[in-house]
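The values are calculated or read from the model by the stated rules, or taken from the named source; none is laboratory data. Just so it is clear, the structure is predicted and the values come from calculations on it, not from any experiment. Because the Cβ atoms are built from the backbone with ideal geometry, glycine has one as well, and the counts that use them run over all protein chains shown. When the accessible area is computed, the model is the full protein with side chains, heavy atoms only, and any ligands, DNA or RNA have been set aside. Shrake-Rupley method; radii C 1.70, N 1.55, O 1.52, S 1.80 Å.
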Amino acid sequence: MLTAPMVSDREALDDFVDALRDIAPAIERDVARLRSAPGERQVIASLFRSLHNIKGDAALCKVDLAVAIVHPIETVLARVRSGVLPFTEPLAEIILLTVDRLELAMARIVVDEALDELQLWPLIDGLERLAGAAPADVDECAAEVFEVVTGFRPVFAASLATHGALAGGHADSSSAATEDLRFFLKLANQFELRSPLFKGRTTRILRLALDTNQIVDDPIDPLQLEAAVYMHDVGMMFLAESVWLKASDMSTAEKAILHAHPGYAAGLLARMPGWAAAAEMVAQHHEAAGGAGYPAALESAQICAGGKLLAICDAFEAVMLKHINRGRNRSLLRAIAEINACDKQFASEWIAPFNQVIRRSVEAR
């Protein structure tokens, strides 16, 4: 079954996951090259070989689900390679979405998690239709598949609009609060300087958080939310950079060290008059429903609204950047699709308004 596939050979599955991890970056690089030079025959051939190799590895390792996912997109690339179809932006996004879903599915199977939210059957069905679509219908078919799987009608090549100015200088805020926010922003800027990957992240997370809060009439105090956005990862700077800037997988001991970072920043806020609510948001922004988060393994009812919203915005930013070290140009829509596929991790009451913010951003492009 697609929602809970059987694993007959755990070692073979691990071998396939390792092979997929090695091949996926090459796919992403080839797609990026074809976006700027769609007629490059050698790159098309390279992309086809990568997908063919994934299917072959899946068959060899008896991972039937992966074969079912990859086979139709390989057929599409065969048509591109033969000149029947042009390589277009919709095809680029569908290829990357397919690889995304395949990686997510394999990661869940490895830890015996269900696949219900990944919409794998609609994906496979849509890819099969795409494989046989007439050339004039391919782009529209690709858009339909994307929408069925992710819930979003794509505007291809869209990107999240960033804003040049952060919130601040609020007319209804006290001068002391304004000065505090400037101090918090300086700390956030210092954090961003620790890695070129972090450039602009504070602006992006703040805009998402404030816009999502505003859509539902600001149930969270915007000033407290702004402070929490600035400070939520400042605690990282109390940890060894060899831990939190590590590119490879963390050990159990390193994860335990990382899990302390919300408490450091929350402690700073809690010691400053007037920022107790922001401190609570920061302390809880890595908590998750069902006690699966950290540092306190809180249940959903124990997590404050600001902590829940900040968790979604922070995770979205992380998803946008999570494979940047291997050349991925992750689209906004695929990132929000991944967040929605992990909706049980996040507060359902915030997912819908967050989606509205992303949809509005896409439609404005």
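See the values below:
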read-out	value
Cα convex hull volume per residue for the stretch 206-262 (Å³)	108
Distance between modelled label sites at Ser195 and Glu241, nm, 7 Å Cα→Cβ extension	1.2
Where a label projected 7 Å from the Cα of Arg360 along Cα→Cβ would reach, residues of the stretch 212-233 with amide N under 18 Å	212-223, 225-226
Between the stretch 334-350 and the stretch 16-30, the alpha-carbon center distance in angstrom	24
Extension reserve of the Thr178-Thr75 stretch, reckoned as 0.36 nm per residue once the Cα distance is removed	31.3 nm
Reach of Lys255 by Cα under 17 Å, taken over aspartates and glutamates that are not fewer than 8 positions away in the same chain	Asp233, Glu241, Glu287
The chain: calculated mean residue ellipticity at 222 nm from DSSP helix runs of at least 4, using -39500 (n - 2.57)	-20000 deg cm²/dmol
Listed residues Leu239, Leu97, Leu333, most fluctuating in the chain (Gaussian network, C-alpha, under 10 Å)	Leu239
Sequence of His285, His259 when ordered by accessible area, the most exposed leading, probe 1.4 angstrom	His259, His285
Summed side-chain charge close to Gly291 - residues other than Gly291 whose Cβ falls under 15 Å, Lys, Arg +1, Asp, Glu -1	0
Centre separation in Å (Cα based) which lies between the stretch 299-315 and the stretch 247-284	14
The chain - Rg over Rh from alpha carbon coordinates, Kirkwood radius	0.99
Positive-end residue, the chain charge dipole about Cα centroid, Cβ charges, pick of Val319, Ile303, Leu193	Leu193
Cβ-defined net charge surrounding Ala59, 15 Å radius [Lys, Arg +1; Asp, Glu -1]	-3
Residue-level accessible surface for Lys344, protein heavy atoms, 1.4 Å, Å²	150
